[in-house]
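Student: The following block contains the structure, expressed as structure tokens.
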Amino acid sequence: MSWTPHHPAPIVQLAAAPRSPALRIFNGKPYSLAFLADGSLVVGGSHGLTLHDPEAPTPARARVEVGGVVDWMLAHPDGESVVAAILDPRGPSVVRVWPVSARVVTLLRVPSFESQFVGTLSPDGSRVYWRRGGKPPVLFSFDALSGAPLREIELPQDALRAGSLAAREDGTVYLATQHMLVVHPDGRLEPRDDSPFFMGPDPFFATADGGMVCRDGKRISYADGKFGHLPDIPGHARGRTVSHDRKRLTLHDPLDEVTVWDVAAERVIFVGKQEKAIGSIPSWRGNSAASSATHVAAIDFSDASVQIWRMDQPAQPIATMTGYSQGAQRLMFHGGSLTVQTCQPSNTLDGVLEIDLATGATKMLERTRVLDAARTADGQRLLVQYDSVGLSPVKVTQFDPAGEEIETVEVQRGSGEVAVSPDGAMWGVLSHTYPPNRGEPTCFAQWRAFGATKWAKNLKLKGRFQHIALSNTSAAVSVDEQLNVVAFAKGKSLVSTTLPKMAIALAISPDGARVGVSCLDCPRVVRIATGAIVEVALDLPGERSVARSVCVTDEWLFLGHETGAITQHRVDTGEQVAALYGHTDQVLALVWHDGALWSGSEDGSIVKWGDLG
């Protein structure tokens with residue numbers, strides 16, 4: 001194994017302000033693409049919208065802040081604007097944006113989009129349709145210029161199945177239920193369970209004659225009040241979008257191909273190939289491909305870049321926009337470098353990145369199927385836990401700074417986590433069995449000194465969801481609701497308790513005095529010397545948020561939330577003293593390094609925070 005050069009990471013110093021980002025690595029993550037009538041490409045990302053010339057996309061022609069991550073975006077029929085659903089830690093919204101002039105109109109603010117925004121534009125662009133969740137779900141329409149509410153129609157509960165909507169010119173809306181639901185302009189609901197709808201297709205485009213095209217490329221005709229089958233658009237698309245003039249549909253199968261469909265001619269006019277992978281395929285919300293009359297663009301989910309082709313040259317992209325990231329779920333500092341475990345799932349693509357913090361130069365470790373990673377503070381030892389092929393045990397390999405293998409250890413067949421102590425003396429691993437008959441697995445928490453050939457401790461616990469963290473003197477292990485802290489010296493148990501709810505994330509202070517744990521109900525701080533547990537109250541706007549990452553220092557407890565917010569608490573009392581906003585998607589990594597808090601998020605950015613008081 002070794003390291004291979006990768007796209008440089010932009011590193012931007014930001015204006016100093018208390019409890020604000022002081023430095024950001026990467027330009028975030030692209031989520032949605034659209035083309036305007038003049039051929040300009042709009043990229044909706046985790047930190048706003050950017051406007052690009054597809055022939056020379058870097059640098060961006062314009063940047064527009066929209067307050068959060070672009071969860072969904074469509075080009076408006078006027079050819080000059082886009083309508084976008086924005087996720088913000090302080091509350092989501094729907095906006096209309098004119099990228100050239102940077103004009104932004106907020107059409108709607110709501111407490112939540114549930115798991116994703118499900119909506120569409122009317123063919124003339126006058127209204128936005130949104131399938132709002134709840135009991136019952138509602139088809140809500142509002143004006144696409146002013147945001148004025150137009151109509152609410154209650155839907156059956158199985159309308160929550162819909163992942164997209166399709167609107168006809170007469171105001172009829174199609175959406176998936178167990179089979180198919182037609183919502184007429186007068187509010188009448190017409191369930192359809194006839195031949196084309198046995199499998200409940202999910203339409204995103206309505207043709208002029210009342211037919212539809214579905215998210216997976218299925219095509220359905222409409223004539224004399226009856227629906228029928230048409231040949232499918234080739235491919236296995238999961239992403240899709242509609243051009244501003246409704247002449248082209250762009251379908252995207254992540255890490256496979258991009259297909260453009262000519263609506264009038266009813267034929268494929270472009271197929272572009274992307275790098276493939278075997279295993280878990282990365283993808284994220286948003287409209288990941290788009291086309292104009294002359295160009296096609298698609299997000300490359302292997303590295304979060306944006307590829308651009310000329311419509312008449314599908315063999316090779318003419319440009320690739322880099323500087324983005326898939327996101328970071330582990331941050332490991334050593335000297336002047338930062339090693340990152342990216343949000344690449346376990347597959348045949350590399351998942352460990354090293355960044356030179358002075359230059360932004362990056363390199364990828366040649367190690368695929370990565371499950372977890374940890375590195376010592378001196379950078380001399382890098383641990384990578386990874387899947388083996390088939391039913392073989394999970395492996396943990398120790399690499400030297402050059403990326404050469406030092407040692408490989410087999411553990412159980414089920415994945416878990418790896419950890420190193422802050423002083424670099426000990427390392428630990430969690431893995432679990434796959435019992436017969438789908439019984440409850442056994443988790444194995446093991447640790448030993450670097451250089452040792454035997455485990456110093458082998459802790460077995462029943463459960464499925466496991467986490468491990470090491471201090472300089474002890475190991476903290478959670479499995480479901482069980483929390484155990486064990487001293488390295490003689491394997492003495494320091495804490496063994498059952499939490500009220502399952503643990504989601506875990507951290508231990510370097511001196512081993514406190515454990516911070518995020519549970520499904522609330523976060524907690526456990527004082528090891530006494531076993532006392534402090535429940536941490538959260539004060540965050542919007543919907544309830546679960547912390548996905550934890551960091552404990554002598555003074556502070558930091559919690560990284562799935563909304564993108566970070567809360568700062570006094571470690572002794574749990575009192576919240578601040579909410580930090582710099583991410584727009586879940587915060588998966590928190591590290592206190594060299595007197596500062598660093599955070600990594602699924603939004604594609606890594607942030608160093610300024611003075612936190």
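The values are calculated or read from the model by the stated rules, or taken from the named source; none is laboratory data. Every value quoted in this text rests on a predicted model; they were computed, and no experiment measured them. Quick reminder, even Gly has a Cβ in these numbers, built from the backbone with ideal geometry, and neighbours come from all protein chains shown. Protein only, heavy atoms only, side chains kept; ligands, DNA and RNA dropped before computing areas. Shrake-Rupley method; radii C 1.70, N 1.55, O 1.52, S 1.80 Å.
Student: Between the stretch 163-214 and the stretch 6-57, what is the separation of their alpha carbon centroids in Å?
Tutor: The stretch 163-214 and the stretch 6-57 have Cα centres spaced 36 Å from each other.
Student: Right, another one. What is the chain's relative contact order, in percent, from Cα pairs under 8 angstrom and six or more apart in sequence?
Tutor: Contact order relative to length: 11 percent.
Student: Compute, for MET364, the solvent-accessible surface of its heavy atoms (probe 1.4 Å) with the complete set of protein chains present, and express it in square angstrom to the nearest 10.
Tutor: Around 20 Å² of this residue is reachable by solvent.
Student: Same structure, new question: Between the stretch 494-567 and the stretch 224-281, what is the C-alpha centre distance in whole Å?
Tutor: 45 Å
Student: Quick one: which of 266-277, 159-170 comes out on top by average Cβ neighbours within 10 Å, and what's the full order, highest first?
Tutor: 159-170, 266-277
Student: For a quick check of your reading of the filter: which GluC sites (Glu not before Pro) in the stretch 396-432 sit in a DSSP loop and have no more than 12 other Cβ atoms within 10 Å?
Tutor: Within the stretch 396-432, the qualifying GluC sites (Glu not before Pro) (loop, at most 12 other Cβ atoms within 10 Å) are GLU404.
Student: How about LYS363: which lysines have a C-alpha closer than 25 Å to its C-alpha, ignoring those fewer than 8 places off in the same chain?
Tutor: LYS29, LYS273, LYS276, LYS395, LYS608
Student: From the Cα gyration tensor of the stretch 310-428, with a ≥ b ≥ c the square roots of its eigenvalues, which class applies: rounded if a/c is under 1.5, or else prolate if a/b is larger than b/c, or else oblate?
Tutor: oblate
Student: Still on this structure, please answer the following. In the stretch 76-124, what is the volume of the convex hull around the alpha carbon atoms, normalised per residue and reported in Å³?
Tutor: 81 Å³
Student: Please compute the Kirkwood hydrodynamic radius of the stretch 388-506 from all pairs of different C-alpha atoms, in Å with one decimal.
Tutor: Here the Kirkwood hydrodynamic radius works out to 14.9 Å.
Student: Contour minus end-to-end for ASP511 and ILE269, with contour as 0.36 nm per residue of separation and end-to-end as the Cα-Cα distance?
Tutor: 80.9 nm
Student: So if I place +1 on the C-beta of Lys and Arg and -1 on the C-beta of Asp and Glu, and nothing else carries charge, what would the dipole magnitude of the stretch 155-241 be about its Cα centre? I want it in debye, nearest 20.
Tutor: 320 debye
Student: Rounded if a/c is under 1.5, else prolate if a/b beats b/c, else oblate: with a ≥ b ≥ c from the C-alpha gyration tensor eigenvalues square-rooted, which is the stretch 104-192?
Tutor: It comes out oblate by the Cα gyration axes.
Student: I would also like to ask the following. For the stretch 413-535, what relative contact order do you get, as a whole percent, if you take Cα pairs closer than 8 Å and at least 6 residues apart?
Tutor: Once normalised by length, the contact order is 16 percent.
Student: How big is the stretch 513-584 on each of its three principal axes, counting only the C-alpha atoms and giving the largest first in Å?
Tutor: 37, 22, 17
Student: About its Cα centre, how strong a charge dipole does the stretch 165-304 have in debye, to the nearest 20, once Lys and Arg get +1 and Asp and Glu get -1 at the Cβ?
Tutor: Value, rounded to 20: 100 debye.
Student: Continuing with this model, one more query. Evaluated at 20 °C with a viscosity of 1.002 mPa s, what Stokes-Einstein diffusion coefficient in µm²/s does the stretch 29-136 have when Rh comes from the Kirkwood expression over alpha-carbon pairs?
Tutor: Translational D for this selection: 153 µm²/s.
Student: Placing +1 at every Lys and Arg Cβ and -1 at every Asp and Glu Cβ, with all other atoms neutral, what dipole size does the stretch 1-118 have around its Cα centre, in debye to the nearest 20?
Tutor: Once rounded to the nearest 20, the dipole reads 460 debye.
Student: Find how many whole Å separate the alpha carbon centroid of the stretch 455-473 from the alpha carbon centroid of the stretch 369-422.
Tutor: The two parts, judged by their Cα centres, are 16 Å apart.
Student: Would you mind getting the accessible area per residue of the chain, heavy atoms of the protein chains only, 1.4 Å probe, in Å²?
Tutor: Value returned for the chain: 39 Å² of accessible area per residue.
Student: Placing +1 on the Cβ of each Lys and Arg and -1 on the Cβ of each Asp and Glu in the stretch 82-147, which of PRO99, SER115, PRO136 has its Cα farthest towards the positive end of the resulting dipole?
Tutor: Going by the charge dipole, the pick is PRO136.
Student: Here's a follow-up. Quickly rank 26-39, 581-594, 46-59 as a protection proxy: mean count of other C-beta atoms within 10 Å, highest first.
Tutor: Highest-to-lowest ranking by the protection proxy: 26-39, 581-594, 46-59.
Student: Quick one: which residues, 5 or more positions from SER474 or on another chain, have an amide H under 5 Å from its amide H? H modelled 1.01 Å from N in the peptide plane, none for Pro or chain starts.
Tutor: PHE488
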